[in-house]
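For reference, the structure discussed in these notes is given below.
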Amino acid sequence: MEAGEVIMARRRKLLVPGAEQGVSNLKAEVMRREGYSVDPERPDDVKNEVAEDLGVPLAPGDNGKLTTEEVGQVGGKIGGSMVREMIRLAQEKLSKQN
């Protein structure tokens, strides 16, 4: 690695072992409700469709030329939708307990 070169390898791991399938299912369901076609076996592919809708030039492979803002638009659309759904589910569960 040369001076000034930054290598980022971020691997986010879920705290609950085995929760990957549940998170993938949630992403697929949420994005389907948002109007995107989602293959339940490949829910991460929806980011390409979201990027296209937002005008972000996301391509398979290296996207190192994308700005942080562009990447954030795509991730924010997906993640924000998932967070809203998780909050809705939690509120629903809490209201049933009371």
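Bear in mind that the values in this text are calculations on the coordinates, not laboratory data. This one's a predicted model, so the numbers in the text were calculated from it and none came from an experiment.
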Binned at 5 Å starting from 0, the alpha-carbon pair-distance distribution of the range 20-97 in whole percents comes out as 3, 15, 23, 22, 17, 11, 5, 3, 1, 0
For the chain, longest principal axis from Cα atoms; helix 20-33 axis from its Cα atoms; angle between them, nearest 10 degrees, is 80 degrees
